[in-house]
Every structure is written in structure tokens, then in C-alpha cells.
1. So, with +1 on the Cβ of K and R and -1 on the Cβ of D and E, and no other charges, what is the size of the charge dipole of the chain about its Cα centre, to the nearest 20 debye?
2. Could you compute the net charge surrounding P159? Neighbours are other residues with a C-beta less than 12 Å from the C-beta of P159; K and R count +1, D and E count -1.
3. Using amide H atoms built in the peptide plane, which far-off residues or other-chain residues are under 5 Å from H152 H to H?
4. Any idea what diffusion coefficient the stretch 38-92 gets from Stokes-Einstein, in µm²/s, Kirkwood Rh on alpha carbon pairs, 4 °C, 1.567 mPa s?
5. How large is the convex hull of the C-alpha atoms of the stretch 43-173 per residue, in Å³?
6. Spelling out what I want: for every residue of the stretch 95-112, take phi, set θ = phi - 60°, compute 6.51 cos²θ - 1.76 cosθ + 1.60 (Karplus), and round to whole Hz; glycine and proline get x.
7. How far is it, in nm, from the label point at R207 to the one at A122 when both lie 7 Å from their Cα along the line to the Cβ?
8. When the chain is fully extended, how far beyond the present Cα-Cα distance does V138 get from D55, taking 0.36 nm per residue of separation?
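The values are calculated or read from the model by the stated rules, or taken from the named source; none is laboratory data. It should be emphasised that the depicted structure is a prediction, and the values quoted were computed from it without experimental measurement. Reconstructed Cβ throughout: ideal geometry from the backbone, glycine too, with neighbour counts over all protein chains shown. Accessible surface is based on the protein model in full, side chains and every heavy atom, while ligands, DNA and RNA are left aside. Shrake-Rupley method; radii C 1.70, N 1.55, O 1.52, S 1.80 Å.
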Amino acid sequence: MPDPGRAIAAVVVAHDSGSVLAACVARLLAAEGVAEVLVVDNGSRDGAPATLAGDPRLRVLRNGGNPGFAVACNQGVAASSAPWIAFVNPDCFVAADTPARLRDVLVADAGLGLAGADVRDASGAPEAAARRRDPTLVRLLRSAGGDRGALHLTPGDGPLTAVDAVSGALMLLSRATFERAGGFDPGYRLHAEDLDLCRRVRAIGLRVAVVEAARATHLKGTSSRRRPLFVAFHKHRGLVRYFRRWGAGGGRATTALAVTAAWLRFGLLAPWAALREAALAGALPQAARGLEDLDRRWPDADVAALS
């Protein structure tokens, strides 16, 4: 009989996530140690959450609208009972042993508070956001200048890679640690809430690390890519909230400069994002063809510093 003290509840937040949602959930239900899967649907209109059924460990919680990722994650935790919590994006596919690997590393190391996996993209390349450094004004400027290591670390050679933050596509921690850290800050609507949670786990004296032997594949942006203006706004808004809470690597003047720079950057990106969003909505078919290069670059290059 499985040890109830090692059971894992997986929380998946869905919003028009499409067919990948069912594939994600199926892998979680097949994964070692997963006792509950909580899908929190933030007002999807694609019908995908309604297709989920057939396993008593699965529950679908429905929000009438979209209160945001952080709120939905907290709802999923509140509705679950397992002592270990995994947050998994609907476009993230875990290996069968990944959740248990993450849990076992945390069980073995009392000083480790939150674990992430070696997240790869569909081609097998390491996802930069899996091994993150705290964003500061200097690091953002260096990243904008082409320094790929300013905000992200490379995969380590050992079993664990110490990081400031892991990818929000997949993170696991104990319920006790989640509660001590205060859960997700509901003031974040979309993006940077994972950076904030990792920072608060570290603030209570615990470490954050990537378990290099734990693997997951992240398709990235299956729902958000259709709304580039919305995503860009909330990426920058989330970063501003993070800076106001944790600073930007200096005093108040540095933080104020970082906040101003973030909003100026959004102002520069907004017209392109608005055009792209209109094109994707079918309002500008000519623009859709004319912005093919932007479509290729937008999800990664234009907002890489914030992901």
C-alpha cells in the first residue's frame, strides 16, 4: 500500500489549453506517487476540461472567469490533501518517475525546500527558465545586451543544480513549506509568481534546486501565445510587482529605475503585440502574413528576459 505521507497532489491550471491538457493529465495519473490531480479551469471555452474523466483521483474545479494562475494554484492546493504538491503547466509532460524523484530528493535533504526538473522543449533542448537567477536591473540589461547567462544557468554536472528559481512549468514542494512561505501571491495575474514563490521559500531559510535526473517536456505557450498583448502586459506587470517586493539589486533608486524601464519596455513592445493579437484573431489577415517573422521570434526572443 502506498505511503500516504509521500503522496503527491498535482495541480494543473487550465485556460483554453486544448488537447495537451488531456495528455498532461494522463501522464500525471500514470506517474509514480501521484495520488490526486486537481485541474483548476480558469474559464476555458475550448471544452478541453469537460473531456477529463474516468479516474477517481482526478477532480476538475471550475472558475467562471479567469482569476489568474496564482489564485487557481492556491485553490487547487486548498482542495487537495496530499502532503506533497506539484504544480504542472497543462503543456508540460512529466516522465513517469519525475514527481517521485523530486519528492524523494526533498525528503532526503531537509534544507531543500523546492525542487524543479530538467525541463526540455519539444526538440530536447534544455529550457533556460528551468534554472533561473533572480532578476535584477543589471542582469536584465546584460540579458538585453545578449548575455545569455545573465538570468539563466546552464545544466549542472551533478545530481542537483542550486538555483534562485525554477520553471513554473513544473515545481514540487511539501504542503508544509508551501504554507510556511504563504502560498502563491494572488496579486500576480500571470508570470513572475513562480519567481516570487521561490524567493519566499528561500526567505524562510530553505534552498531551491533542479534535480537533473528528473525530466519533463514543456511545449510552452499553448494558450498564451494566442494573446501576445495580454501576455506581454502581465509579464511586465508581474516583474514590476516582483521588483517592488524584492528590489532590483540595489536601493530604492535602482528599483524605481527598474520599474520605469519595465514599463517603457512594454510600451515599445505593445504595438507589435497588439498587431500580432489582432492578426491571430483574424482581424488583420494581411498583417498575419506580414508578421510571420515576429511570430517566430515573439514567444522566445522578445520576452526571454522575463520568462
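1. With only Lys, Arg, Asp and Glu charged at Cβ, the dipole is about 860 debye.
2. Details: positive: R101; negative: D104, D109, D118, D157, E212.
So the surrounding residues net to -4.
3. Sorted by chain and number, the residues that satisfy this are R133.
4. 108 µm²/s
5. So the per-residue Cα hull volume is 171 Å³.
6. Taking θ as phi minus 60°, the curve returns 6, 4, 9, 5, x, 5, 4, 4, 4, 5, 5, 5, 4, 6, 10, 5, x, 9 Hz for the stretch 95-112.
7. Roughly 3.6 nm, to one decimal.
8. 25.0 nm
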